[in-house]
Amino acid sequence: MASGVKPRVKVPKTAAAGDTITIKTLISHKMESGQRKDDDGNIIPRSIINRFTCDFNGENVVDIVLEAAISTNPYLEFEAIVPEAGEFKFTWYDDDGSIYETAKSIAIG
Amino acid sequence: MELTRRNAILMGAGALVVAGLPMRASASVDDVIAQFTGGAEVGTGDITITAPEIAENGNTVPIEVSSGTAVEILVLATGNPTPNVATFKFGKLAASRAASTRIRLAGTQDVVAIAKLDDGTFVKASSTVKVTIGGCGG
Amino acid sequence: MRNLTGALLAGLLSTTFVSADPVDDKLVLNEETTLVTRTAAPAHLSGVLDEVMSGWLFRGTETRAMQTDDFDNPGMIFVDKGEDSWNAVEGTEGKSCASCHGGSEDMAGVRPVYPKFNEAAGEVRTLEMQVNDCRETQMGADKWKYTGGSMANMTALLASVSRGMPVNVAIDGPVQSTWDEGKELYYARTGQLELSCANCHEENFGNMIRADHLSQGQINGFPTYRLKNTKLNSVHARFKGCVRDTRAETYKPGSSEFVALELYVASRGNGLSVEGPSVRN
């Protein structure tokens with residue numbers, strides 16, 4: 001697991017049923033591209049987050065393949081429908097097999 | 001990157017290459033597109049890509065893709081060493097077929113979005129981003 | 001001498017001297033807090049500058065936008081990390097920062113007045129020096145590297161809770177000799193290029209330096225998340241970069257010279273809002 005990986009997600013605390021909300025996510029990650037060389041001229045191996053998913057109560061919102069051209073500390077913004085109260089689940093998949101997860105609840109009100 | 005003399009020369013050389021070939025489209029771009037479309041024709045239509053005309057820094061360039069009916073959107077940076085950037089798939093609870101992210105661009109180039117629409121057709125849009133080289137230390 | 005330097009500068013800044021005036025824009029944070037990015041210069045700058053301006057005004061549209069929302073600003077991830085450190089017990093005394101200071105939000109008002117004089121120690125201290133003194137003396141923990149990640153996360157946290165408050169460092173009394181030293185350094189030419197801070201940031205802000213905009217070199221936005229290296233940059237690391245770019249041997253981060261320079265440069269921004277962690281190129 002890459003060290004010190006930390007997600008940061010913005011989801012409103014409440015919404016009306018059927019509302020559209022904007023979700024913003026950031027996660028701290030080097031996103032080592034595999035294109036850089038170290039001081040001895042050796043290629044630094046690629047090490048990135050290669051996939052991100054967002055689901056709400058088990059139903060998919062977005063499923064995104066990330067490549068080495070995504071900037072360090074990846075940022076993703078998209079819109080979701082909130083059909084009912086529940087939980088957004090966010091998952092980032094690392095090249096090294098690590099999985100980083102966080103969740104945010106939303107109430108109807 | 002430490003600013004050593006060698007790196008400075010390398011960066012300069014990189015800038016020249018980019019300036020000389022601002023719109024190069026490598027064969028692999030076509031390959032990636034063909035893989036995504038399965039060889040289907042790519043038209044224009046329900047797809048928009050928004051990117052700055054001039055990026056302050058090629059390390060972090062904000063882009064947005066948007067479509068009314070896309071089920072999937074592929075983003076390519078045609079001038080990068082590897083052109084793939086991201087593929088967005090929209091699920092049942094996606095409120096719009098739009099997403100934003102921040103990307104790396106190796107130099108001035110076209111950023112391309114290709115959408116697979118819900119009728120199975122493919123459409124394409126592109127945006128030219130000029131990448132500047134910074135002030136002190138690049 | 002003056003002509004030679006002028007010619008050198010002209011070549012360095014731009015072949016065409018394209019003007020890159022600061023934009024006319026307002027920095028509103030999270031659609032709530034309006035920050036002061038442009039205000040009357042403090043009295044000690046009379047005859048030198050009429051107005052002081054945040055570096056935010058010299059950045060491009062997209063970069064400026066990135067700082068307006070705490071979920072767009074990548075620097076805020078590191079504020080979260082700083083918050084984790086704030087609450088983490090470390091060292092032989094079994095304490096965290098929170099053990100003595102309470103919530104990090106209670107530290108609002110601290111960032112704007114640093115560097116400041118510490119009576120007990122009889123020295124001018126930067127925020128980093130104070131954090132490390134707390135770690136060593138109060139917590140029995142190891143010092144952090146002055147410009148390292150843990151320190152930058154902590155100073156980002158401490159800046160973030162003071163955002164919107166005006167920078168207000170003292171320049172007289174016990175700090176005056178340090179401030180004088182800082183002022184002298186600000187105007188001292190260094191390196192093979194013989195450039196002082198003032199040559200770029202006082203005489204040429206608003207002009208281009210290669211493809212980039214020269215700002216006033218204000219430090220109210222530090223630590224700053226730079227798009228260039230995609231991490232938080234501390235004030236002294238930035239000073240080091242600037243001095244290096246004049247092709248000089250630089251002072252070390254945490255050195256008395258950079259402490260003095262930080263006090264002086266901070267005082268040039270008295271009245272501007274604390275912005276850290278800001279987003280810059």
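A few notes on this one:
- Cα-based Lys pair tally, chain C, threshold under 18 Å, eight or more apart or on separate chains: 15
- Label-point gap, in nm, between C:Ser255 and C:Ala198 - each point 7 angstrom along Cα→Cβ: 2.1 nm
- Label point distance in nm, B:Thr121-C:His101, each placed 7 Å from Cα along Cα→Cβ: 6.0 nm
- FRET efficiency for the C:Arg244 to B:Glu64 pair, using the beta carbon distance and R₀ = 35 Å, is estimated at 0.45.
- Using the Cβ-Cβ distance between A:Asp96 and A:Glu59 with R0 set to 30 Å, the FRET efficiency from 1/(1 + (r/R0)^6) comes to roughly 0.55.
- Stretching C:Asp21 away from C:Thr39 to a fully extended chain increases their span by 4.9 nm, per 0.36 nm per residue minus the current alpha-carbon distance.
- Looking at the protein assembly as shown alone, DSSP beta bridges between its own residues are antiparallel in about 90 percent of cases.
- Where a label projected 7 Å from the Cα of B:Lys89 along Cα→Cβ would reach, residues of region B:38-76 with amide N under 16 Å: B:38, B:70-75
- Number of Lys pairs (Cα under 23 Å; 8 or more positions apart or on different chains) in chain A: 15
- Spatially close Lys pairs in region B:26-131, defined by Cα atoms under 20 Å apart and a spacing of eight or more places or different chains, total 4.
- For chain A, the solvent-accessible area works out to 45 Å² per residue, with a probe of 1.4 Å and every protein chain left in place.
The values are calculated or read from the model by the stated rules, or taken from the named source; none is laboratory data. Every value quoted in this text rests on a predicted model; they were computed, and no experiment measured them. Counting neighbours? That spans all protein chains shown, and the Cβs are built from the backbone with ideal geometry, glycine included. When the accessible area is computed, the model is the full protein with side chains, heavy atoms only, and any ligands, DNA or RNA have been set aside. Shrake-Rupley method; radii C 1.70, N 1.55, O 1.52, S 1.80 Å.
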